[in-house]
Amino acid sequence: MLDKPFFSKNFSGWNLQNNFVHYRSFNAIAGASLGGLIVIQKETGLRSYKEQGTQLKAEVTAPLLVSIFNPSSPLHDGAVIIQNDIIDAAACILPLTESKMIDPEMGTRHRAALGISEETDAIVVLISEEKARISVAEDGRFSHIGIDEVGLQKFLNDKMFISSGD
């Protein structure tokens with residue numbers, strides 16, 4: 001067990017132990033055949049999107065995320081925004097991409113993932129309800145489609161500047 005996580009830049013709230021919780025949470029949503037849209041805030045502020053949603057200020061856990069994205073939950077429409085390992089808000093409405101290059105079969109959730117990643121430096125984790133597949137959007141494009149748990153761990157560790165100590 002690490003006494004102290006290794007970080008750099010502004011992501012002081014993101015650490016290796018909590019990263020594991022995030023991966024498990026994302027996989028729990030996919031395993032429950034639920035769709036989800038999770039925005040991980042980096043340096044660009046997302047206040048306007050958070051204010052339009054429901055403020056939570058809750059620890060990230062698999063049961064909470066599964067509950068939020070359950071279709072019977074009043075919070076399931078929209079995105080969850082995570083900042084420094086805290087779910088700041090749920091049911092957040094995101095901008096949709098206006099790109100004409102997007103696959104016509106991609107729905108609103110995919111368009112929102114691309115839209116927010118075009119406008120901010122956020123990392124967006126998208127869980128497809130139909131295919132139980134996890135994808136990642138950044139910089140206005142899907143960098144990973146159908147990423148597995150190991151790939152997601154490595155990707156987020158790299159993007160959030162976490163060293164495994166190796």
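What number of lysine-lysine pairs in segment 16-159 show an alpha-carbon separation below 24 angstrom, given a sequence spacing of 8 or more or placement on distinct chains?
Lysine pair count for segment 16-159: 8.
Given axes a ≥ b ≥ c from the Cα gyration tensor, I'd like to know whether segment 16-159 is rounded (a/c under 1.5), prolate (a/b larger than b/c) or oblate.
Because its axes are fairly even, with a/c under 1.5, segment 16-159 counts as rounded.
Order 106-118, 60-72, 131-143 from most to least packed using the mean count of other Cβ atoms within 10 Å.
In descending order of packing, they fall as 106-118, 131-143, 60-72.
Tell me, what is the FRET efficiency for D121 and S72 to the nearest 0.05, using R0 = 25 angstrom and their Cβ-Cβ distance as r?
Working from the Cβ atoms, E equals 0.15.
Loop only per DSSP, at most 16 neighbouring Cβ atoms within 10 Å: give me the GluC sites (Glu not before Pro) in segment 18-115, ordered by residue number.
Here the GluC sites (Glu not before Pro) that fit, given the DSSP loop and packing criteria, are E43, E98, E105.
No value in this document is a laboratory result; all are computed from the given coordinates. In this text the structure is predicted, and so the values were computed from the model without any measurement. FYI the Cβ positions are ideal-geometry reconstructions off the backbone, even for glycines, and counts take in every protein chain you see.
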